[in-house]
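Undergrad: I am attaching a structure below and will ask some questions about it afterwards.
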Amino acid sequence: MANIKKLEGKNGISYKLTASGGYRIDGSQKRYYKTWTPEPGMTSKQIEKELNRQAVLFDEECRTGGVSTDGSIKFEAFAKQWFKEYAEPRLKTRTLDRYHQMEERVYTAIGHLRIDKITTRSIQLFVANLSEPGMNKRTGKPLSPKTIKNYHGFISSIMHYAVSQGIIRQNPCAAVMLPKPTPKDQAEYTLEEAQLFLKTLETEAPPFWRVFYNLAIYSGFRRGELLGLEWKDIDFDTGVISIRRTSLYTKERGVYTDTPKTKGSSRSLKMSRGIIDLLKWYKAFQTEERLKAGDQWEDHDRVFAAWNGQPVNPSGVENWLYRFFERTGLKKINPHGFRHLNATLLINSGADVRTVSAALGHSQTSTTLNIYAHAIAEAQARATDAISDMLDSSFKGVSAK
């Protein structure tokens, strides 16, 4: 049976499995490696039982040729092992779908190469190729720096796993130079423009969208978080709304419910009495709509539901908003712009970065600092000016001697 070695590190305990897979032509012995990490909460007996099972299965896979952890394995073959062993049990559906969409292009470029022969130069040439005109089939332009970064991240994740399995010594992606992103001027609302938008919603928007975009501005919740809200997430007595899930869409799965984007995304925010009253009114309105739908209504408890109670396709959020802009002549921004508006208003009100980060559901305050660096700098400049004004006023009438 495979040899088992206990590993202890800063991320906890894991076990390294080593199995023999026969001999090469030169007489050297083939050795295969695999790392297994117990699930949180497992007892010692459960770990021992599962560890033995993993060792037997790994030994059998190596003996029958079902797995290869030798450096001679081709990148495409190892990538498929990575999907099965690492990605599918750990990554979210949308991330998996994005990686699967990248497979064809990546495999064409480096799938035929031995994983231990892939160098930084190999990946750098692939990155350069993605930057050439025509790589974006829809526009005929090069792929965007962000998309290229995603391709690099996909390959790097696989290579990192190869390092953890003892197949290669270092990740060749680490030293690859990526194209710098070109800053885009996204349309944003000023406070006055936001007030006009909300006022227009009152008279020009149906109840669903009136409530949806009011809550989007006042809460800063992501689109999927808003669509994932259920009535039980709203405490009408305290005015607290809790984010516990997100509603997403992929072509393969359709609309589905997932856990929030990050650990920090699971959060609770206290809303103004005006927003809570608006939600109470909308709940009564939805009850009437449910009675009209009769047997066709499917009770998913969603705050923002389709006419029959089913969860809403996230693409509808953007589609309706752009039609609304065309009809009313209001300044166009994308739905995510309301989240940025919320953050900017929080920063301008004097909220500290930790508070803003927690409200937005960022996993790290560094994310908030990076995205809203300009707004934070402006707020700090205003604070500095205010201090200067106060200090300068105290020196009025004092002359130098």
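Undergrad: What's the percent breakdown of Cα-Cα distances in the chain across 20 Å bins, shortest bin first?
TA: 20, 43, 30, 7, 0
Undergrad: While we're here: For segment 341-353, what does the Karplus curve 6.51 cos²θ - 1.76 cosθ + 1.60, with θ = phi - 60°, yield as ³J(HN,Hα) per residue in whole Hz, taken in order and with x for Gly and Pro?
TA: So the Karplus estimates, Gly and Pro as x, are 4, 4, 5, 5, 5, 4, 5, 5, 7, x, 5, 6, 4 Hz.
Undergrad: Which of the peptides 81-87, 323-329 is most tightly packed, and how do the rest follow, going by the mean number of other Cβ atoms within 10 Å of each residue?
TA: Output ranking for 81-87, 323-329: 81-87, 323-329.
Undergrad: Now for a different question. Angle between the Cα long axis of helix 373-394 and the longest principal axis of the chain, 0 to 90 degrees, nearest 10?
TA: The angle comes out near 50 degrees.
Undergrad: So how much slack lies between Glu103 and Asn52, counting 0.36 nm per residue of separation and subtracting their Cα-Cα distance, in nm?
TA: Contour length minus the Cα-Cα distance gives 15.0 nm.
Undergrad: Continuing with this model, one more query. My understanding is that a pair violates if its Cα-Cα distance is over 29 Å; which of Lys80/Lys232; Lys149/Lys270; Lys30/Lys92; Lys84/Lys263; Lys5/Lys149 do that in this structure?
TA: Lys80/Lys232; Lys149/Lys270; Lys30/Lys92; Lys5/Lys149
Undergrad: Of the accessible area of the chain, with the probe set at 1.4 angstrom, what percent is carbon plus sulfur?
TA: Carbon-and-sulfur percentage of accessible area, whole number: 51.
Undergrad: Estimate the FRET efficiency between Glu204 and Arg121 by the formula 1/(1 + (r/R0)^6), using the beta-carbon distance for r and 60 Å for R0, to the nearest 0.05.
TA: With R0 = 60 Å, the Cβ-Cβ based efficiency is 0.55.
Undergrad: Do the sum for the chain: with -39,500 (n - 2.57) for every DSSP H run of n ≥ 4, divided by all residues, what is the mean residue ellipticity at 222 nm, to the nearest 500 deg cm²/dmol?
TA: Roughly -15500 deg cm²/dmol at 222 nm, from the helical runs in the chain.
Undergrad: Sketch the reach of a paramagnetic label on Asn370 as a point 7 Å from Cα along Cα-to-Cβ, and name the residues of segment 156-180 whose backbone nitrogen lies under 15 Å away.
TA: Taking a point 7 Å out along Cα→Cβ of Asn370, the residues of segment 156-180 whose backbone N falls under 15 Å are 178-180.
Undergrad: Multiply the residue separation of Glu85 and Thr238 by 0.36 nm, subtract the distance between their alpha-carbon atoms, and state the gained length in nm to one decimal.
TA: Length gained, Glu85 through Thr238: 50.6 nm.
Undergrad: Averaged per residue, what accessible surface does the chain expose to a 1.4 Å probe, in Å²?
TA: 59
Undergrad: Now, a different point. For the chain, take the longest principal axis of its alpha carbons; what is the angle in degrees between that and the long axis of helix 191-204, to the nearest 10 within 0 to 90?
TA: 80
Undergrad: Could you tell me whether segment 226-296 comes out rounded, prolate or oblate from its Cα gyration tensor? Rule is a ≥ b ≥ c as square roots of the eigenvalues, rounded for a/c under 1.5, then prolate if a/b exceeds b/c, otherwise oblate.
TA: oblate
Undergrad: Return one number: the angle in degrees, 0 to 90 and rounded to the nearest 10, between the long axis of the Cα atoms of helix 145-164 and the longest principal axis of the Cα atoms of the chain.
TA: For 145-164 against the chain, the angle is about 40 degrees.
Undergrad: Here's a follow-up. Nearest 0.05, what FRET efficiency do Ser363 and Thr147 give at R0 = 25 Å with Cβ-Cβ as r?
TA: Plugging the Cβ-Cβ distance into 1/(1 + (r/R0)^6) gives 0.65.
Undergrad: Just want the answer: with Cβ charges of +1 for Lys and Arg and -1 for Asp and Glu, which residue in Gly274, Asn319, Val303 is farthest toward the dipole's positive end in segment 257-368?
TA: Of the listed residues, the answer is Gly274.
Undergrad: To continue, here is another question. Provide the FRET efficiency to the nearest 0.05 for the Arg273-Asn3 pair, computing r from the beta carbons and using R0 = 56 Å.
TA: 0.30
Undergrad: Taking every pair of Cα atoms in segment 129-250, average 1/r, invert it to obtain the Kirkwood radius, and report Rg/Rh to two decimals.
TA: 1.15
Undergrad: Cα to Cα, under 17 Å, and not fewer than 8 places away if on the same chain: which aspartates and glutamates meet these conditions relative to Lys16?
TA: Reachable aspartates and glutamates: Glu8, Glu39, Glu48, Glu50, Asp59, Glu60, Glu61, Asp70, Glu85.
Undergrad: Using a Gaussian network model of the chain whose springs link C-alpha atoms within less than 10 Å, name the residue from Asp59, Asp295, Asp352 with the highest mean-square fluctuation.
TA: Looking only at Asp59, Asp295, Asp352, the largest GNM fluctuation is found for Asp295.
Undergrad: Pick from Gly111, Gly12, Gly224 the residue whose mean-square fluctuation is largest in a GNM of the chain, springs joining Cα atoms under 10 Å.
TA: Comparing Gly111, Gly12, Gly224 in the GNM, the peak value goes to Gly12.
Undergrad: List the residues, sorted by chain then number, that are 5 or more residues from Glu230 or on another chain and whose placed amide H is less than 5 Å from its amide H.
TA: Val303
The values are calculated or read from the model by the stated rules, or taken from the named source; none is laboratory data. Computed from a predicted model, the values in this text were never measured in an experiment. Note that we place each Cβ from the backbone using ideal geometry, even for glycine, and neighbour counts take in every protein chain shown. Only protein heavy atoms, including side chains, enter the accessible area calculation; ligands, DNA and RNA are left aside. Shrake-Rupley method; radii C 1.70, N 1.55, O 1.52, S 1.80 Å.
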